[in-house]
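Engineer: If you scroll down you'll find the structure; I have some questions about it.
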Amino acid sequence: MNMDISLLLRLFPVTWHSVIAGFVALFLAWQQFTYSMKKSSLPGPSMVIPFIGSAIEMVRNPTKFWDDQAKAARNLGLSGNLLFGKFIVFIRDSELSHKIFANVKPDVFHLIGHPFGKKLFGEHNLIYMFGQEHRDLRRRFAPNFTLKALGVYVRIQEKVIRQHIKKWIEITSDDKPIALRTFCRDMNLETSQNAFVGSYLTNEAKEQFNRDYNLFNTGLMALPIDFPGFAFYKAKHAVSRLARNLADCAHQSKKIMENGEEPNCLVDFFMAETVKEIKEAEQRGAPKPLHTDDIEIGGYVFDFLFAAQDASTSSLVWAITLLESNPEILEKVREEQRRIRPNFDSPISPEQIREMKYTEMVVKEVIRFRPPATLVPHIAAADFPITENYTIPKGSIVFPSVFESSFQGFTDAHKFDPERFSPSRQEDQLYKRNWLPFGAGPHQCVGQRYALNYLMLFVALFSTLVDCTRYKTPDCDEIAYVPTIVPKDECLVYLSSRR
């Protein structure tokens, strides 16, 4: 027997290279086996590149990648794949998406915002909270979005929008179009900064803030390589600086609110409530309330800014392109504006915004037709039987598709038609479960009225102050992910002042 083993070793010598190669082969086979077991009967690729899966395809061409997931899910409403070693489930069907949003079995699905978001966004983040703690914190956010608070934001928003539209008109020319996505992003960032933290950011701090936010945005679309020099690493550290910057704003606001002054921005409204709760706790001899430290509040304000920034930029750009492509709808908006506010130079009041019924219909249709955040990733904390025939395995990243839901149920869903939200048709009520741009369930967006007001204000001002013509190319309306969706041409337009 020993002679047989010796003979075998001479014929097939064992080296470290062969041992390592054997372990690698075993690992690759195991990954493929576990992927196949998790995917089970779901449509999707039968063979995947170990660990990487379809990540290269997703990063290289996200539009095609997610289109392919949707096509694979057309029959069952679900499809499976592998990204960076994580098994993913794409959900096309609206009713199945509601099972994720509603968290029908408590604490099974945790919103993550990004497949590697917790590492990127940091510890103090509303996205990753759930249960009673999450509900309590959302309750404390309520004063941020009262009619009084929204009225304060409208004044700030209008001032910034008018300033930027004026700049856009000044830099455009008859022979050279401008790409409005970048300009909308800059306008939106300034609007968010002013509405959320007011004058607490110095000009120098704003410049650093803008640089850091651009680093963060780049990292969102990059491979999650957490080493110096890589975009993801830079983004993670940029978020830390952003949160500290916003924490300093919260600290300044707290001092102002302790003196009983009137709130002038979102962080003021939040800190006024925080100061009130701290005082009440002190009077009762109770411990200091949770989530009242400046650094935590800085993280939560960053949540709001992130939610408002890229999503609103996407919707602003699509509003411009869709109105330019539908002149009869644009003229109806202008007719309503002339009726509600005959003097276009006068400030727009919150009461006037509430009168803009047709403009609101247009904005809702923009968000339905091109929902900015097309996917809302969650992670499964336990096995979950989502259908009779398939159970989502624990640890899977689940992607309910808001985009796919937007084209289910609605009449002639691929047509841009604001009238579907009219009192006579009420498709927002008939197909309410398919209109999911602000999510649903415990993590439904708390700032949706803020977002709608902002978009309505922009449409009201842009439509009455600007004449806009697109520089059209064959693929200008194709969708690009940046990370929210925008027109592929980044909204190339000619602008002129409207008399």
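Engineer: Within segment 112-134, is there a residue that is in contact with a Ser or Thr (Cβ under 7 Å, 6 or more places away or on another chain), open to solvent by less than 50 Å² (accessible area, probe 1.4 Å) and touching a residue at least 40 places away in the same chain (Cβ under 8 Å)?
Structural biologist: Looking for residues that are in contact with a Ser or Thr (Cβ under 7 Å, 6 or more places away or on another chain), open to solvent by less than 50 Å² (accessible area, probe 1.4 Å) and touching a residue at least 40 places away in the same chain (Cβ under 8 Å), one finds at least one in segment 112-134, hence yes.
Engineer: With respect to the numbered conditions (1) within 16 Å of Leu465 (Cα to Cα); (2) in contact with a helix residue (DSSP H, G or I) (Cβ under 8 Å, 6 or more places away or on another chain), which one is the sole condition not fulfilled by Arg140?
Structural biologist: (1)
Engineer: Kindly indicate the residue of segment 464-499 that is open to solvent by less than 50 Å² (accessible area, probe 1.4 Å), β-branched (Val, Ile, Thr) and over 26 Å from Phe216 (Cα atoms) and also modelled with the lowest pLDDT among those meeting that condition.
Structural biologist: Thr473
Engineer: Could you look through segment 63-76, keep only residues that are touching a residue at least 40 places away in the same chain (Cβ under 8 Å) and surrounded by fewer than 23 Cβ atoms within 10 Å (Cβ to Cβ), and pick out the one that is farthest from Ala382 (Cα to Cα)?
Structural biologist: Residue satisfying both the conditions and the ranking: Thr63.
Engineer: Which one is nearest to Lys86 (Cα to Cα) among residues in segment 399-413 that are in contact (Cβ under 8 Å) with a residue 60 or more places away in the chain and of a type outside the set (A, V, I, L, M, F, W, C)?
Structural biologist: Restricting to residues being in contact (Cβ under 8 Å) with a residue 60 or more places away in the chain and of a type outside the set (A, V, I, L, M, F, W, C), the top hit is Pro400.
Engineer: For segment 398-420: of the residues being surrounded by fewer than 21 Cβ atoms within 10 Å (Cβ to Cβ) and in contact with a Lys or Arg (Cβ under 7 Å, 6 or more places away or on another chain), which is nearest to Ala319 (Cα to Cα)?
Structural biologist: Glu419
Engineer: Can you report the number of residues in segment 188-235 which are within 29 Å of Thr469 (Cα to Cα), without any contact (Cβ under 8 Å) to a residue 60 or more places away in the chain and either in contact with a Ser or Thr (Cβ under 8 Å, 6 or more places away or on another chain) or open to solvent by less than 60 Å² (accessible area, probe 1.4 Å) (or both)?
Structural biologist: Residues that pass the stated criteria total 1.
Engineer: Could you list all residues from segment 410-436 that are of a type outside the set (Phe, Trp, Tyr) and touching a helix residue (DSSP H, G or I) at 6+ places or on another chain (Cβ under 8 Å)?
Structural biologist: Scanning segment 410-436 gives Thr411, Asp417, Pro418, Glu419, Arg420, Ser422, Arg425, Glu427, Asp428, Arg433, Asn434, Leu436.
Engineer: Here is a check on your reading of the model: is Ile100 part of a helix (DSSP H, G or I) and under 30 Å from Thr387 (Cα atoms)?
Structural biologist: Taking the combined requirement at face value, the residue satisfies it.
Engineer: Can you go through Gln444, Gln426 and tell me which one is of a type in the set (S, T, N, Q) and under 19 Å from Asp303 (Cβ atoms)?
Structural biologist: Values: Gln426 fails: under 19 Å from Asp303 (Cβ atoms).
So the residue among Gln444, Gln426 that is of a type in the set (S, T, N, Q) and under 19 Å from Asp303 (Cβ atoms) is Gln444.
Engineer: Here's another thing I want to ask about it. Residue check: is Lys159 surrounded by fewer than 20 Cβ atoms within 10 Å (Cβ to Cβ), in a helix (DSSP H, G or I) and of a type outside the set (A, V, I, L, M, F, W, C)? Steps first, please.
Structural biologist: Working: surrounded by fewer than 20 Cβ atoms within 10 Å (Cβ to Cβ): yes; in a helix (DSSP H, G or I): yes; of a type outside the set (A, V, I, L, M, F, W, C): yes.
Yes: the conditions hold for Lys159.
Engineer: Looking only at segment 139-156, how many residues end up being exposed (fewer than 15 other Cβ atoms within 10 Å of the Cβ) and within 23 Å of the chain's Cα centre (by Cα)?
Structural biologist: Final tally of qualifying residues: 3.
Engineer: Report yes if some residue within segment 381-388 is open to solvent by 20 Å² or more (accessible area, probe 1.4 Å) and β-branched (Val, Ile, Thr); otherwise report no.
Structural biologist: Applying the first criterion (open to solvent by 20 Å² or more (accessible area, probe 1.4 Å)) to segment 381-388 yields 381-383, 385, 387-388.
Retained after the next criterion (residues that are β-branched (Val, Ile, Thr)): 387.
Yes, there is a match, as at least one residue in segment 381-388 is open to solvent by 20 Å² or more (accessible area, probe 1.4 Å) and β-branched (Val, Ile, Thr).
Here is a yes/no grid of residues against (1) modelled with pLDDT under 90; (2) assigned to a helix (DSSP H, G or I):
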residue	(1), (2)
Leu8	yes, yes
Ile20	yes, yes
Ala25	yes, yes
Ala29	yes, yes
Thr34	no, yes
Glu57	no, yes
Phe87	no, no
Glu95	no, yes
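Engineer: Considering only strands (runs of 3 or more DSSP E) fully contained in segment 438-499, which possess at least 1 residues that are of a type outside the set (D, E, K, R) and under 15 Å from Ser312 (Cα atoms)?
Structural biologist: 479-481, 485-487
Engineer: Ok, one more. Out of Ser424, Ser406, Ser396, I need the residue that is farther than 28 Å from Pro483 by Cβ, out of contact with any Leu (no Cβ under 6 Å at 6 or more places or on another chain) and small (Gly, Ala, Ser). Which one?
Structural biologist: Ser424
Engineer: Okay, next question. Tell me the residue from Lys254, Lys276 that is of a type outside the set (Asp, Glu) and touching a helix residue (DSSP H, G or I) at 6+ places or on another chain (Cβ under 6 Å), please.
Structural biologist: On inspection, the qualifying residue turns out to be Lys254.
Engineer: Also: Any idea which of Phe27, Phe51, Phe33, Phe84 is at positive phi and open to solvent by 70 Å² or more (accessible area, probe 1.4 Å)?
Structural biologist: Residue meeting the stated conditions: Phe51.
Engineer: Further question: Please list, ordered by first then second residue, the pairs with beta carbon atoms under 7 Å, 6 or more apart or interchain, first in segment 295-317 and more than 12 Å from Val239 (Cα to Cα) and aromatic (Phe, Trp, Tyr), second at pLDDT 90 or above and assigned to a helix (DSSP H, G or I).
Structural biologist: Correct list of pairs: Phe304/Phe196; Phe304/Leu266.
The values are calculated or read from the model by the stated rules, or taken from the named source; none is laboratory data. Bear in mind the structure is a predicted one, so any value in this text is a computation, not a measurement. Here the Cβ is made from the backbone with ideal geometry for all residues, glycine too, and neighbour counts use every protein chain on show. All accessible areas refer to the heavy atoms of the entire protein, side chains included, with ligands and DNA or RNA removed. Shrake-Rupley method; radii C 1.70, N 1.55, O 1.52, S 1.80 Å.
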